[in-house]
Amino acid sequence: MPSKNNFPLSNAALESKMAAFIKDRSAQNLAAILQLLPAAGLFLTMAASTPQARQALKNGGTLSPQMRKDLHPIILKTQKGEDFLPAYTSPKAIPKQENSMVICLPFGAVCQTVTRNPNLTGLALNPFGENVILRRDLLEKAFRSSSSNPGSANSDSVNPNSRGPQGTNIVLQNPRPFPQEMAEAACAVLREYPCVSAAYVQHLSADDRRAFLFLLETDGTGDRKELEEKIRAATEEAAFGFPVEFCDAGAMRAQLEANNAKPFYKK
């Protein structure tokens, strides 16, 4: 089953709370799950409708942009006839399925998949394991918490003059596998801006969010806001729902060197 997981995510804290909820289905244990969900990345299984896309999934090949648009989440139906979107905290929790692929999305994007589909009753977390059911009202409550968080995907990009990305317990990692398609889309924009001499991309994780972080080396000229908006628009589809943030490469030079990070773009 091909995977589109771009990040080495760990939902250990969330899984611990889910295990506690299974043993004691108290309101307190449920609230603990809802508190952690806004910062979680969840895995979905995707299927295709067209024969071409199904064949590509079967062969483990690369899907064209048109084929990716054909993908849709696999839905589970209960004995009562209710439809739930299955989401998983880890690829290990996903049963093997033919002609499917796995993607990883931030909780906000998963939640919107449910709330925008009137046929879905809610979300099933690890349905073949803990099987924590979250119906629409609980999802909307958790999503409101996610959307109101200043570190969420809808927040403004980081001030390029700041010392680095905002937040607590910031960790940068080289994304694995490397998001080549996203980097190529960003390069097409960067070539239009001679003020940028090099660019890096890292996976950022913090207490309140996960994101792709572009670190730019510039000479201080050019319209930085315009540049960031163009990169964000060009890479949106390849980011699979994760937010894109920016900061100066110099602000995180020590971390880049520690990661042995290489620029994906160099003038």
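The values are calculated or read from the model by the stated rules, or taken from the named source; none is laboratory data. This one's a predicted model, so the numbers in the text were calculated from it and none came from an experiment. For neighbour counting, all protein chains shown are included, and Cβ atoms are generated from backbone atoms with ideal geometry for every residue, glycine included. These accessible areas exclude ligands, DNA and RNA; they are computed on the full protein's heavy atoms, side chains included. Shrake-Rupley method; radii C 1.70, N 1.55, O 1.52, S 1.80 Å.
The table that follows gives values for the structure above.
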read-out	value
Table column - 3J(HN,Hα) (Hz), region 171-184, Karplus curve with 6.51, -1.76, 1.60, x for Gly and Pro	10, 10, 9, 5, x, 10, x, 5, x, 4, 4, 5, 5, 5
As computed over region 225-267, the Cα convex hull volume per residue (Å³)	110 Å³
Qualifying aspartates and glutamates (Cα of each under 12 Å from Cα of Lys96; at least 8 residues distant if same chain)	none
Förster-model FRET efficiency, 51 Å R0, Thr221 and Lys92, C-beta, rounded to 0.05	0.60
Solvent-accessible area of Ser49 with every protein chain in place, 1.4 Å probe, in Å² to the nearest 10	60 Å²
Per-peptide average of other Cβ atoms within 10 Å, ordering 206-214, 88-96 highest first	206-214, 88-96
